[in-house]
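Novice: For reference, the structure I am asking about is given below.
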Amino acid sequence: MKNLIYSAFAVAILFTACKYEEGPGISLRSKRDRLSNEWKVDKYTYTPQGGGSAQDRSDLYNIKGDTQYTYYNTYTPYQSDAAKDSAANGKPWGDSIGVASTFTVNDYHYLMIFNGSGAYSVEIIDKDNKGIDPRLMAKYVAEGNRSSPDPLGITRIGRRGEWSFIAKHSRIQVSTDLGGSNYTADDIKEGRNVPVIFDIIKLDNEELKLKAWDAYGGIHEYVLKSFE
């Protein structure tokens, strides 16, 4: 009888602990096991404050087709006439000029990697599933459409930090690793780079849906697909 009661209790927990707004209703895998995965950002939608029209901005994270841009990767020192005049007057002054290199990215997408230990990172891969040097993407990302705040800051290449479940596993909190960043204690007090909280809308083995609200009332929705 006891075994039967324990079995019924375990089944009850299984049925009640795995439900999200869009499912699944039942899963034999724990929430942490399901979330611990490499997820491709498949779609990103931004809805402005006040309930304006939803804007599909997936192209920020998943570019299809050739994308060509220029990246200034080295600087060659030189002296302009003004610099030479300055040096002649005993005031050394050096100039430098950027040397441009042109790169073409043939399709790329972002990966969000959640580790079972509680760490996460953001990486970029191309259509051949090869990693892209973040420095080669810097100029393209900087010129992207950044007019709407992105709560995860996913456009910041190489971002990493920690994640954890909160609110009985219905939400996740993502905290950025501040090591090596330019953020100061005052920045954090002003609300910059604070942990981001996502509502989990769906979490199964193949798909993850997240929603977050920014400080301006905008809604950010992500659809992520399991990367294989």
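Novice: Considering only residues that are at pLDDT 85 or above and among the hydrophobic types (A, V, I, L, M, F, W, C), look in the stretch 102-121 and name the one that is surrounded by the fewest Cβ atoms within 10 Å (Cβ to Cβ).
Specialist: Filtering the stretch 102-121 for residues that are at pLDDT 85 or above and among the hydrophobic types (A, V, I, L, M, F, W, C), the one surrounded by the fewest Cβ atoms within 10 Å (Cβ to Cβ) comes out as Ala119.
Novice: List pairs: first in the stretch 15-33 and closer than 19 Å to Lys211 by Cβ, second small (Gly, Ala, Ser) and modelled with pLDDT of 90 or more, Cβ under 9 Å, 6+ apart or cross-chain?
Specialist: Cys18/Ser30; Tyr20/Ser170
Novice: Now for a different question. Give the stretch 159-178 a look and list any residue that's outside any strand (DSSP E or B) and either surrounded by fewer than 15 Cβ atoms within 10 Å (Cβ to Cβ) or at pLDDT 90 or above (or both), or say none. Step through it out loud before you land on a result.
Specialist: So in the stretch 159-178, the residues outside any strand (DSSP E or B) come out as 159, 167-170, 177-178.
Result: Ala167, Lys168, His169, Ser170, Asp177, Leu178.
Novice: Exactly one of these conditions fails for Thr45: (1) of a type in the set (Ser, Thr, Tyr); (2) at pLDDT 90 or above; (3) assigned to a loop (DSSP other than H, G, I, E, B); (4) closer than 29 Å to Lys168 by Cα. Give me its number.
Specialist: (3)
The values are calculated or read from the model by the stated rules, or taken from the named source; none is laboratory data. In this text the structure is predicted, and so the values were computed from the model without any measurement. Neighbour counts run over all protein chains shown; Cβ positions are idealised from the backbone, glycine included.
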